[in-house]
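Reviewing the structure listed below.
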Amino acid sequence: MGNKNENTSKNYGTKATVAQIFATIAQSFLLINVGMEMAMSTVVIQQLYQNSESEFSLTLTEISWYGSLICIFHPAGSFFSGILQDRFGRKRCMIFANFPSIFGWILLCYAHSVVSLYASTVLMGLSIGFSEGPIFSYVGEITEPRLRGSMASLTSTAPMFGVSFLFTLAYLFEWQTVALLSALCPITSICLVMLIPESPIWLVAKGKNGKAKKALCWLRGWVKPNVVKKEYLELVRYNEISAGTQQTTGKLAQFKDPSVYRPLRLIIFYFFISIIINGMPWRTFISKIMTEVGISNNQNLLLVVLSVLQTIGCVIVVLTVHYLGKRFLTNLTFSINTLLIFLFGIYIKAIKNGYIYSTPWIPITILCGIYFFGASIMILPWMVLSEIFPNKIRGVAIGLSAGLTYLQIFMLTKSYLAVETLLTLEYTMVLYGCFGIFGSLYLYFYLPETENKTLLEIEEFFT
């Protein structure tokens with residue numbers, strides 16, 4: 001069946017590719033906004049940390065909370081999105097997710113105290129949590145097998161564009177102006193998402209077969225119903241097979257199914273290791289780290305360069321994932337970044353012990369490498385996430401996975417300064433490198449290849 005589905009999808013032609021790219025880009029504006037929201041704390045901290053000249057400043061404890069608070073409210077948004085997207089659909093949830101973000105950006109623009117900073121980041125955290133479940137469910141469900149990897153990587157690349165765009169704005173404007181301009185992104189997202197169809201798989205699951213066929217016609221290049229008849233019948237069959245026990249068991253009971261708990265276990269560990277070795281726990285405090293390693297000049301410009309390198313790394317993944325596969329790219333980039341993190345720790349130790357003189361180009365080169373290869377590390381788990389859960393539980397499972405991931409980001413980011421104080425910067429990097437070795441070995445043995453596989457083939461693997 002998998003080969004039939006793939007062969008059928010290849011016959012749709014260029015218009016189908018254009019339609020799916022448009023749908024993916026439209027909903028990716030949500031993730032561009034996510035990248036901007038995640039990066040904004042770095043800009044604010046750089047401007048307000050112990051700054052006596054600003055209207056108010058932040059202490060070390062306050063930047064620790066501000067840098068991580070966005071992640072702790074993400075699980076709440078993920079929990080509700082996992083439930084609501086199965087009831088109201090992917091498209092409606094993606095539209096609704098933009099509203100807390102708009103209010104968050106406006107509140108941040110007019111923030112005059114630490115409390116208002118916290119309030120704005122809480123709204124952004126809820127928005128991120130609510131959006132990611134339907135986004136990754138949607139892109140996994142609307143695309144053909146031949147395009148799913150590229151479209152998922154395009155979706156996962158969107159936050160990197162958001163980071164680059166935000167750091168570029170921060171280089172040109174004050175942070176309050178940046179916040180106000182950023183509110184245009186979720187507004188644009190609402191307008192674009194309204195133009196794309198609902199997920200055909202969700203419509204079939206809800207018994208809305210006529211609308212499902214129309215949506216499929218749109219996504220396959222605005223074709224006639226007879227052109228998509230074969231794929232439509234396969235979707236109906238897939239829904240019947242995947243739904244299996246859904247009518248006799250509740251959502252929680254389905255997590256006892258190997259096709260659910262095995263990919264959930266894998267994806268949570270996959271995210272945990274990727275968070276550590278792409279440097280996410282310390283990226284919020286990158287300005288403080290750059291100062292400590294002797295990079296005190298042109299930090300804003302360096303942030304733009306690092307974010308552009310991230311974007312380039314993501315684009316390379318988009319262009320190569322179909323040929324190299326997610327498993328190979330994971331093994332390659334995880335290994336390289338683990339080595340770079342070890343080198344960063346060794347360099348800092350050598351400087352402190354007087355073995356070498358401080359040379360800014362060395363840490364700059366290492367950081368450029370970590371950000372460049374870290375781009376792949378950051379997006380590969382999200383690409384896999386959109387594929388590995390069965391249809392009967394996909395919305396809830398993706399929402400739960402995203403929520404647990406951001407809970408991990410919160411804990412690792414919130415604890416970073418404490419860990420650095422206890423171990424010093426160099427040994428913190430060595431510790432992260434050790435996690436990278438263990439994680440790389442685990443994923444080498446247990447991560448399956450999902451590229452060019454149908455959703456049913458992937459589900460059967462875990463079963």
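The values are calculated or read from the model by the stated rules, or taken from the named source; none is laboratory data. These numbers were taken from a predicted model, which means no experiment stands behind them. For neighbour counting, all protein chains shown are included, and Cβ atoms are generated from backbone atoms with ideal geometry for every residue, glycine included. Accessible surface is based on the protein model in full, side chains and every heavy atom, while ligands, DNA and RNA are left aside. Shrake-Rupley method; radii C 1.70, N 1.55, O 1.52, S 1.80 Å.
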### All positions within the range 28-80 that are open to solvent by 10 Å² or more (accessible area, probe 1.4 Å), under 20 Å from PHE410 (Cβ atoms) and among the acidic types (Asp, Glu)
GLU62
### Message
Among (1) without any contact (Cβ under 8 Å) to a residue 12 or more places away in the chain; (2) open to solvent by 60 Å² or more (accessible area, probe 1.4 Å), there is one condition LEU301 misses while meeting the rest; what is its number?
### Response
(1)
### Query
Consider TRP361 against the criteria (1) under 14 Å from the mean Cα position of the chain (by Cα); (2) surrounded by fewer than 22 Cβ atoms within 10 Å (Cβ to Cβ): it satisfies all of them except one. Which criterion is unmet?
(1)
### Message
Going residue by residue through the range 45-62, is there one that turns out to be under 22 Å from LEU385 (Cα atoms) and part of a loop (DSSP other than H, G, I, E, B)?
### Response
no
### Query
Going by the structure shown, is LEU441 open to solvent by 70 Å² or more (accessible area, probe 1.4 Å), within 24 Å of the chain's Cα centre (by Cα) and at negative phi?
yes
### Message
Show the residue pairs meeting these rules: Cβ distance below 6 Å; 6+ apart or different chains; first residue within the range 309-320 and within 15 Å of ILE377 (Cβ to Cβ) and assigned to a helix (DSSP H, G or I); second residue modelled with pLDDT of 85 or more and of a type outside the set (S, T, N, Q).
### Response
LEU309/CYS368; LEU309/TYR371; LEU309/PHE372; GLN310/TYR371; THR311/PHE161; GLY313/PHE372
### ALA183 vs. criteria under 18 Å from PRO390 (Cα atoms) and not aromatic (Phe, Trp, Tyr)
no
### Message
If LYS349 satisfies all but one of (1) of a type in the set (D, E, K, R); (2) under 30 Å from TRP202 (Cα atoms); (3) open to solvent by 40 Å² or more (accessible area, probe 1.4 Å), what's the number of the condition it fails?
### Response
(2)
### Query
Here are some residues: ILE102, ILE95, ILE83. Which one is modelled with pLDDT under 80, open to solvent by 10 Å² or more (accessible area, probe 1.4 Å) and closer than 29 Å to PRO197 by Cβ?
ILE83
### Query
Do we have GLU387 as acidic (Asp, Glu), outside any loop (DSSP other than H, G, I, E, B), in contact (Cβ under 8 Å) with a residue 12 or more places away in the chain and open to solvent by less than 20 Å² (accessible area, probe 1.4 Å) here?
no
### Task
Name every residue in the range 206-234 that is open to solvent by less than 60 Å² (accessible area, probe 1.4 Å), within 15 Å of ALA16 (Cβ to Cβ) and touching a residue at least 12 places away in the same chain (Cβ under 8 Å), in order of residue number.
ALA215, LEU216, TRP218, LEU219, ARG220, GLY221, VAL223, VAL228, GLU231, TYR232
### Query
From the residues in the range 105-121 that are aliphatic (A, V, I, L, M) and surrounded by fewer than 18 Cβ atoms within 10 Å (Cβ to Cβ), which one is nearest to ALA402 (Cα to Cα)?
ALA119
### Task
State whether the residues of the range 179-201 include one that is over 26 Å from the mean Cα position of the chain (by Cα) and not in a helix (DSSP H, G or I).
no
### Message
For the condition at pLDDT below 95, out of contact with any Lys or Arg (no Cβ under 7 Å at 6 or more places or on another chain) and open to solvent by less than 20 Å² (accessible area, probe 1.4 Å), what is the one hit in PRO134, PRO200?
### Response
PRO200
### Query
Could we say that GLY129 is more than 24 Å from CYS217 (Cα to Cα) and open to solvent by less than 10 Å² (accessible area, probe 1.4 Å) here?
yes
### Message
Condition (residue is loosely packed, with under 15 Cβ neighbours inside 10 Å and modelled with pLDDT under 90) applied to the range 266-287: is it met by at least one residue?
### Response
no
### Summary
Sole miss for GLN46 among (1) out of contact with any Phe, Trp or Tyr (no Cβ under 6 Å at 6 or more places or on another chain); (2) modelled with pLDDT under 80 is condition (2)
### Task
Scan the range 252-265 and give yes if some residue there is open to solvent by 10 Å² or more (accessible area, probe 1.4 Å) and at pLDDT 90 or above, otherwise no.
no
### Message
Can you confirm whether ILE348 is part of a helix (DSSP H, G or I) and under 25 Å from LEU447 (Cα atoms)?
### Response
no
### Summary
Of those in the range 390-414 that are part of a loop (DSSP other than H, G, I, E, B) and open to solvent by less than 10 Å² (accessible area, probe 1.4 Å), the residue nearest to GLU141 (Cα to Cα) is PRO390
### Query
Hey, MET160 hits all of (1) open to solvent by less than 10 Å² (accessible area, probe 1.4 Å); (2) without any contact (Cβ under 8 Å) to a residue 60 or more places away in the chain; (3) among the aliphatic types (A, V, I, L, M) but one; which does it fall short on?
(2)
